[in-house]
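Only one structure is covered here, and it is reproduced in the block below.
Please treat every number below as a calculation from the coordinates, not as lab data. Since this is a predicted model, take the numbers as computed values, not measurements. Please note: Cβ atoms are built from the backbone with ideal geometry, for glycine as well, and neighbour counts cover all protein chains shown.
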Amino acid sequence: MAGYSGSKDDYLKRLRRVEGQIRGISRMVEEDTYCIDILTQVSAATKALQAVSLGLLEDHVGHCVVDAAKESDEAAAEKVAEASAAIARLVRS
């Protein structure tokens with residue numbers, strides 16, 4: 001079971017909202033909207049995706065890592081390494 005299962009509907013709502021933002025950005029480009037206005041919307045969509053990422057990461061640590069820690073030290077170390085790699089990817093993006 002995924003760590004975000006309890007929040008799945010909230011994540012899907014957020015992602016649908018982001019999807020709408022992206023469609024709006026595409027429409028702005030098609031309509032030759034002022035560059036700065038488009039960049040403002042790109043920034044808003046990026047922040048929304050970052051919020052989803054942080055929520056998923058929190059759920060992963062709170063569920064998957066905690067469950068692995070209860071299982072064994074090795075399983076916990078594996079999940080912590082996995083979470084660390086995910087954090088590194090998020091920081092680079």
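Taking only C-alpha pairs under 8 Å that are 6+ residues apart, what is the relative contact order of the chain in percent?
31 percent
Only one of the values (1) 14.8; (2) 15.1; (3) 14.4 was calculated from this structure for Kirkwood radius over Cα pairs in Å; name its label.
This structure yields the entry labelled (2).
Could you line up Arg14, Arg89 from fewest to most neighbouring Cβ atoms inside 10 Å?
Arg89, Arg14
Quick one: Cα centre-to-centre distance for segment 25-47 and segment 67-93, in angstrom?
For segment 25-47 versus segment 67-93, the Cα centre distance is 35 Å.
Could you compute Rg(Cα) / (2.2 N^0.38 Å) for segment 15-65, with N its residue count?
Ratio of Cα Rg to 2.2 N^0.38 Å: 1.46.
Convert each backbone phi in segment 48-56 into a coupling constant with the Karplus relation 6.51 cos²θ - 1.76 cosθ + 1.60 (shift: θ = phi - 60°), then list the ³J(HN,Hα) values in order as whole Hz, x for Gly and Pro.
Residue by residue, segment 48-56 yields 5, 5, 5, 5, 4, 4, 5, x, 5 Hz.
By how many degrees, between 0 and 90 and to the nearest 10, does the Cα long axis of helix 73-92 differ from the longest principal axis of the chain?
20 degrees
Taking 22 Å as R0, compute the FRET efficiency from the Cβ-Cβ separation of Lys70 and Lys8 and round it to 0.05.
According to the calculation, E is roughly 0.45.
Report, to the nearest 10°, how far helix 8-30 tilts away from the longest principal axis of the Cα atoms in the chain, using its own Cα long axis and a range of 0 to 90°.
30 degrees
Skipping prolines and chain starts, which residues have an amide H placed within reach, meaning under 5 Å, of the one on Tyr4, given they are 5 or more residues away or on another chain?
When sequence neighbours closer than 5 places are left aside, there are no close amide H contacts.
With the chain treated as a Gaussian network of Cα nodes joined by springs under 10 Å, which of Asp67, Asp37, Asp59 yields the largest mean-square fluctuation?
The residue with the greatest mean-square fluctuation here is Asp37.
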